[in-house]
Amino acid sequence: MAKDMLEKGAIAQRDGKTFAVAPHIPGGIIDVAGLRKIADIAEKYNAQALKLTSAQRIAIVGIKEEELDNLWDDLQMKPAHALGLCVRSVKICPGTTFCKKGQQDAVGIGLKLDEKNYGLELPSKLKIGVSGCLNSCAEHIIKDIGIVGTSKGWNITVGGSAGLKPRLGVTLSENLSDEEALDTVERVIEYYKRHSKKKRLGEFIDEIGFEKFKAEIK
């Protein structure tokens, strides 16, 4: 029976023989040539399917173990961090770049967060969502760190999860500028990395108390 292979970014499939890999696509934004390349490589390795994931990736499903290294070489990518104890790909809504309802530049700030933090090793997995308005298309409120744009700036929530123990994030800061929001997120990640032990961010906050956490971050 096949098992997940963290070092190859490969997730074992139900058939017990093949794997799925999910090339990293920052913010889910890809040009036509990039999309075509993924499709061509999937076809080359006889993938069973291409699956659009909730994390804005394109999973290539049904790859044999002996073909994983060659597939990543053809993609000209390092194995993606689709599993493991690290910062996962940042989920980003279209924001003011594309959406008429956007209040803030979710694409701009989200890509900066992804570039700096994607794959960073942490005590547990950590998910970030950036929504450009209160419609919450990036589902920020159920992410470990959520960022949502309003007419007054960015609000940040912490501790959300959509996993085995669903919970909504709690508001940490409000009406922040781009730089203030980026700085706050970096301080949250750094504090969590230094002080938590094998707990999701929300569980860690529960352990030390939200007010203490908030005071330490601010």
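For the pair D183 and K37, what calculated FRET efficiency results from E = 1/(1 + (r/R0)^6), where r is the Cβ-Cβ distance and R0 = 41 Å, to the nearest 0.05?
After rounding to 0.05, the efficiency reads 0.70.
In debye, nearest 20: dipole of the range 6-75 around its Cα centre with unit charges on the Cβ of K, R (+) and D, E (-)? It would help to have the intermediate numbers written out before the result.
Numbers: 9 positive and 11 negative charges, 67 e Å.
Roughly 320 debye, rounded to the nearest 20.
Between L50 and T150, what is the spin-label point distance in nm, taking each point 7 Å from the Cα along the Cα→C-beta axis?
4.0
How big is the dipole moment of the range 1-136 about its Cα centre under a simple scheme where the beta carbon of each Lys and Arg is +1, that of each Asp and Glu is -1, and everything else is neutral? Debye, nearest 20, please.
Computed charge dipole of the range 1-136: roughly 600 debye.
Using a 10 Å cut-off around each Cβ, can you sort H195, H140, H24 from fewest to most neighbouring Cβ atoms?
Arranged by neighbour count, lowest to highest, H195, H140, H24 become H195, H24, H140.
Return the whole-Å distance between the Cα centroid of the range 183-218 and the Cα centroid of the range 134-164.
16
For labels at K64 and E174 in the simple 7 Å Cα→Cβ model, what's the distance in nm?
5.9
Looking at the square roots a ≥ b ≥ c of the eigenvalues of the Cα gyration tensor of the range 6-75, which shape do they give, rounded for a/c under 1.5, prolate if a/b is larger than b/c, or oblate?
prolate
If I build a Gaussian network model for the chain, linking alpha-carbon pairs within less than 10 angstrom, which residue out of G102, G34, G202 has the largest mean-square fluctuation?
Greatest mean-square fluctuation among the candidates belongs to G34.
As a check on your grasp of the helix formula, calculate [θ] at 222 nm for the chain: sum -39500 (n - 2.57) over DSSP H runs of n ≥ 4, divide by the residue count, round to the nearest 500.
Computed mean residue ellipticity for the chain: -9500 deg cm²/dmol.
Count charges around K143 for me, please; just the other residues with Cβ under 10 Å from its Cβ, Lys/Arg as +1, Asp/Glu as -1.
So the environment of K143 carries a net charge of +1.
Evaluated at 10 °C with a viscosity of 1.306 mPa s, what Stokes-Einstein diffusion coefficient in µm²/s does the range 91-217 have when Rh comes from the Kirkwood expression over alpha-carbon pairs?
Using the Kirkwood radius from Cα pairs, D works out to 111 µm²/s.
Please build a GNM for the chain, connecting alpha carbons under 10 Å apart, and tell me which residue among Q13, Q48, Q76 fluctuates the most.
Q76
Quick one: among A162, A12, A80, which has the greatest mean-square fluctuation in a GNM of the chain with alpha-carbon springs under 10 angstrom?
Greatest mean-square fluctuation among the candidates belongs to A162.
Compute all pairwise cysteine Cβ distances in the chain, then list the cysteines with no distance under 4.7 Å to another cysteine.
By the Cβ distance rule, which asks for a partner under 4.7 Å, the isolated cysteines are C86, C99, C133.
May I ask for the distance between the Cα centers of the range 1-62 and the range 90-105, given as a whole number of Å?
About 26 Å separates the Cα centre of the range 1-62 from the one of the range 90-105.
Just want the ordering: E211, E139, from fewest to most Cβ atoms lying within 10 Å of their own Cβ.
Working: E211 9, E139 16.
Listing E211, E139 from fewest to most nearby Cβ atoms yields E211, E139.
Please give the length that would be gained between A12 and I208 if that part of the chain were fully extended, namely 0.36 nm times their separation in residues minus their C-alpha to C-alpha distance (nm, one decimal).
67.0 nm
Going 7 Å from the Cα of L164 toward and past its Cβ, which residues in the range 200-217 have a backbone nitrogen under 18 Å from where you end up?
The answer is 200-207.
Once you put a point 7 Å from the Cα of D73 and another 7 Å from the Cα of A215, both along the Cβ direction, what distance in nm separates them?
5.7
Every number here is computed from the coordinates shown, using simple stated rules; none is lab data. Model, not experiment: these values are computed from the prediction. Neighbour counts are summed over all protein chains in view; Cβ atoms, including those assigned to glycine, are modelled from backbone coordinates with ideal geometry.
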